[in-house]
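Here's the structure, in structure tokens; my notes come after.
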There are 2 protein chains.
Amino acid sequence: MQNSECRILYTCVIQNDMFTKACENAIRAVLLITIKGREDKKLSIQQIAKAIDSPLPFTAKILQTLSREGLVASAKGPNGGFYIDTKAKPITLSQVVRAMDEESVLTTCALGLKQCSDKQPCPIHHQVKAYKNQLSKVLHKKTVQDLAKDLTDGKTFLRSHRKVKK
Amino acid sequence: MQNSECRILYTCVIQNDMFTKACENAIRAVLLITIKGREDKKLSIQQIAKAIDSPLPFTAKILQTLSREGLVASAKGPNGGFYIDTKAKPITLSQVVRAMDEESVLTTCALGLKQCSDKQPCPIHHQVKAYKNQLSKVLHKKTVQDLAKDLTDGKTFLRSHRKVKK
DNA sequence: TTAATAAAGGATAAAATTATCCTTTATTAA
DNA sequence: TTAATAAAGGATAATTTTATCCTTTATTAA
């Protein structure tokens, strides 16, 4: 078979991550604002998009939502931008996820059944329960503020590092 | 505000499940074929789509993939259909998931970083790790055949029950 | 050996998600 | 009080995922 062509496989599905892109970017944005933004040092959409390596207009939409939901504070006009009220309660990851995608990772059946419960379980309901609980704990207990320290200390990262140009 | 309109919120994102729809349906299809299909009792696409409550042509595509990947056997022509070779090795959930969506739930960063590892972790890398490990165990250890018994016994279900008409 | 059956495969359509653009509104500072 | 700045909001475009349709190929049974 000398002439084997490189065919495009269009049948299968490639992506299914834990959160939506919107949600991923939201978590990263909130984290950035937590460690870098203050009322006297607000962050613009541009700064945020760049720092978390997220498309600018998409980032704008996400920030709009986060601001509307009251998770981050915003100010219009010159010197405006986003920040987090230091007097406000710590923000749980769950709050961010709920603001963006209704936490459906936790709330819907893994096999897509409309009804799926302990009483009428899908075939993997019980197996999935343990890890949903685990994720649930992480989302409900961990706050953005909890995660901020490692980030400040350079132990965790909000964007992938670029290879250094020679 | 008497005339408050019901606006459509188009900003936010609604869905993000553990697996893609294709993958959900694939798992359910394989389970059905396991408990109901034999070489002398093959199941047609129609029967499968109905039993797992999945759109017929979409189901056809999924079965095509599963068949191409060798997870289920198929036969064309009259009395054709899908079945599972009883002499074949048990099928892990992982195999099904990989056939459909590359198991990206396990393999990609929860916050969408291109590079994310123990050495260069995203802010929730460590928190998510336990969860991923747990899911990984379920997917790699549990086989379709393991799950079949409860299904046969009527303890678990492949589709939501309809409300009974009066 | 032919008609009927059923999966395989290719192309396309619909829906959902992600991303972009542009106008409006609010705020600041000159 | 006006120009400049920056977020808010609305509409739309691009991409991905889901779903559908139709033709081809293989198999069976008459």
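The values are calculated or read from the model by the stated rules, or taken from the named source; none is laboratory data. Bear in mind the structure is a predicted one, so any value in this text is a computation, not a measurement. Methodologically, a virtual Cβ is constructed for each residue, glycine included, from the backbone with ideal geometry; neighbour enumeration extends over all protein chains shown. Ligands, DNA and RNA are stripped out before the accessible areas are found, and what is left, the full protein with its side chains, is counted by its heavy atoms. Shrake-Rupley method; radii C 1.70, N 1.55, O 1.52, S 1.80 Å.
The figures follow:
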{"item": "Selected residue (only one of A:54, A:67, A:94, A:44 is modelled with pLDDT of 90 or more, open to solvent by less than 40 Å² (accessible area, probe 1.4 Å) and in contact with a His (Cβ under 6 Å, 6 or more places away or on another chain))", "result": "A:94"}
{"item": "Lone unmet requirement of (1) of a type in the set (Phe, Trp, Tyr); (2) at pLDDT below 95; (3) in contact with a Gly (Cβ under 9 Å, 6 or more places away or on another chain) for residue A:10", "result": "(3)"}
{"item": "Set A:85, A:101: member being open to solvent by 20 Å² or more (accessible area, probe 1.4 Å), more than 9 Å from DNA strand D (Cβ to nearest atom) and touching a residue at least 40 places away in the same chain (Cβ under 8 Å)", "result": "A:85"}
{"item": "Identity of the residue in segment B:61-77, part of a helix (DSSP H, G or I) and within 6 Å of DNA strand C (Cβ to nearest atom), that ends up farthest from residue B:41 (Cα to Cα)", "result": "B:68"}
{"item": "Answer from B:116, B:122 - the residue that is in contact with a His (Cβ under 8 Å, 6 or more places away or on another chain) and of a type outside the set (Val, Ile, Thr)", "result": "B:116"}
{"item": "Residue tally, condition more than 8 Å from DNA strand D (Cβ to nearest atom) and in a loop (DSSP other than H, G, I, E, B), over segment A:28-49", "result": "3"}
{"item": "Residues satisfying the stated conditions in segment B:128-161, i.e. more than 8 Å from chain A (Cβ to nearest Cβ), within 17 Å of residue B:108 (Cβ to Cβ) and more than 15 Å from the chain's Cα centre (by Cα)", "result": "B:129, B:132, B:133"}
{"item": "Qualifying residue in segment B:135-153 (condition: open to solvent by 20 Å² or more (accessible area, probe 1.4 Å), in contact (Cβ under 8 Å) with a residue 40 or more places away in the chain and within 16 Å of DNA strand D (Cβ to nearest atom))", "result": "no"}
{"item": "Complete set of residues in segment A:104-124 that are surrounded by fewer than 22 Cβ atoms within 10 Å (Cβ to Cβ) and either within 9 Å of another protein chain (Cβ to nearest Cβ) or in a loop (DSSP other than H, G, I, E, B) (or both)", "result": "A:104, A:108, A:109, A:114, A:115, A:116, A:117, A:118, A:119, A:120, A:121"}
